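First comes the structure, then the notes that go with it.
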Amino acid sequence: LRADLLQSFKDLDPPFMRWPGGSFASTYKWTNGIGPHVSRRYSPNVFWGNYSDYDGFGTDEFMGLCKRLNTEPLIVLPAPGTDAAQIEYALDWVRYLNDPPTTAWGRRRAANGHPEPYGVRYFQIDNEPMNNGFTPEAYANIVNVYGSRLRQLVPNGTIFACGQKRSNDLGW
């Protein structure tokens, strides 16, 4: 990051930083943002006209930023549905972040230069779920499914949910 931007972040002294954000969080392919930069990809942003986002700033870079700012990371897990593969994809990110280096995901993180678990405690289940066409009831089901599995991996973690962005929609 530019030195002036990093200083601006430091001046804010945030207790936590949330990433990724916006509707993009729902479709973020976290595995595209780990490993050597030469192997990283461009991911289409389906919510914002399908332009490509480069995954050069990924998980390890975000964790490094949080460390430099002495702030807690809040990871927004993609939760586009309750298929087993979708759930496991999100939970594998949690494993990458927090597993010891003796597990498959912990070894992968260590191979990327970060042998110690990050110890992330804050997780949000998706973001702006209304943009995925979810009803409040469907999203509540997703939160319950992901949340119960997340509790198994991070028993002392804090789980966040996201409601409707318009405060006058009391159904959310």
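The values are calculated or read from the model by the stated rules, or taken from the named source; none is laboratory data. Note that this is a predicted model, so its numbers are computed, not measured. We place every Cβ from the backbone using ideal geometry, glycine too, and count neighbours over all the protein chains shown. Note: areas computed on protein heavy atoms with side chains; ligands, DNA, RNA excluded. Shrake-Rupley method; radii C 1.70, N 1.55, O 1.52, S 1.80 Å.
Has region 159-167 got at least one residue that is open to solvent by 10 Å² or more (accessible area, probe 1.4 Å), over 18 Å from the mean Cα position of the chain (by Cα), at negative phi and of a type in the set (Gly, Ala, Ser)?
Yes: region 159-167 contains one or more residues that are open to solvent by 10 Å² or more (accessible area, probe 1.4 Å), over 18 Å from the mean Cα position of the chain (by Cα), at negative phi and of a type in the set (Gly, Ala, Ser).
Give the residue that is farthest from Thr82 (Cα to Cα), with candidates limited to residues of region 135-150 that are open to solvent by 50 Å² or more (accessible area, probe 1.4 Å) and hydroxyl-bearing (Ser, Thr, Tyr).
By that ranking, first place goes to Thr135.
Among the listed residues Leu97, Leu170, Leu153, identify the single one that is under 14 Å from the mean Cα position of the chain (by Cα) and either of a type outside the set (S, T, N, Q) or surrounded by fewer than 17 Cβ atoms within 10 Å (Cβ to Cβ) (or both).
Leu97
For Gly106, all conditions in the list (1) open to solvent by less than 60 Å² (accessible area, probe 1.4 Å); (2) assigned to a loop (DSSP other than H, G, I, E, B) hold save one; what is the number of the exception?
(2)
I'm trying to understand the selection: among the residues of region 93-108, which are free of Cβ contacts under 8 Å to residues at least 40 places away in the same chain and of a type in the set (A, V, I, L, M)?
So in region 93-108, the residues free of Cβ contacts under 8 Å to residues at least 40 places away in the same chain come out as 97, 99-107.
Scanning region 93-108 gives Leu97, Ala104.
May I ask you to say which residue of Asp53, Asp60, Asp92 is of a type in the set (Asp, Glu), open to solvent by 10 Å² or more (accessible area, probe 1.4 Å) and assigned to a strand (DSSP E or B)?
That would be Asp53, the only listed residue that is of a type in the set (Asp, Glu), open to solvent by 10 Å² or more (accessible area, probe 1.4 Å) and assigned to a strand (DSSP E or B).
Could you please let me know if Glu72 is closer than 22 Å to Asn112 by Cβ, acidic (Asp, Glu) and surrounded by 14 or more Cβ atoms within 10 Å (Cβ to Cβ)?
Numbers: closer than 22 Å to Asn112 by Cβ: yes; acidic (Asp, Glu): yes; surrounded by 14 or more Cβ atoms within 10 Å (Cβ to Cβ): yes.
Considered against the rule, which asks whether it is closer than 22 Å to Asn112 by Cβ, acidic (Asp, Glu) and surrounded by 14 or more Cβ atoms within 10 Å (Cβ to Cβ), Glu72 comes out as yes.
So which of Pro80, Pro20, Pro15, Pro44 ends up being in contact (Cβ under 8 Å) with a residue 24 or more places away in the chain and loosely packed, with under 15 Cβ neighbours inside 10 Å?
Pro15
Within the bounds of region 112-134, is there any residue that is of a type outside the set (A, V, I, L, M), touching a residue at least 40 places away in the same chain (Cβ under 8 Å), farther than 22 Å from Cys162 by Cβ and open to solvent by less than 50 Å² (accessible area, probe 1.4 Å)?
The answer is yes, given that some residue of region 112-134 is of a type outside the set (A, V, I, L, M), touching a residue at least 40 places away in the same chain (Cβ under 8 Å), farther than 22 Å from Cys162 by Cβ and open to solvent by less than 50 Å² (accessible area, probe 1.4 Å).
Pick from Asp126, Asp60, Asp92: which is under 16 Å from Leu153 (Cβ atoms) and modelled with pLDDT of 90 or more?
Numbers: Asp126 fails: under 16 Å from Leu153 (Cβ atoms); Asp60 fails: under 16 Å from Leu153 (Cβ atoms).
Criteria check complete, one pass: Asp92.
Let me confirm something: among Pro44, Pro15, which residue is at pLDDT 95 or above and over 25 Å from Arg107 (Cα atoms)?
Of Pro44, Pro15, the one residue that is at pLDDT 95 or above and over 25 Å from Arg107 (Cα atoms) is Pro15.
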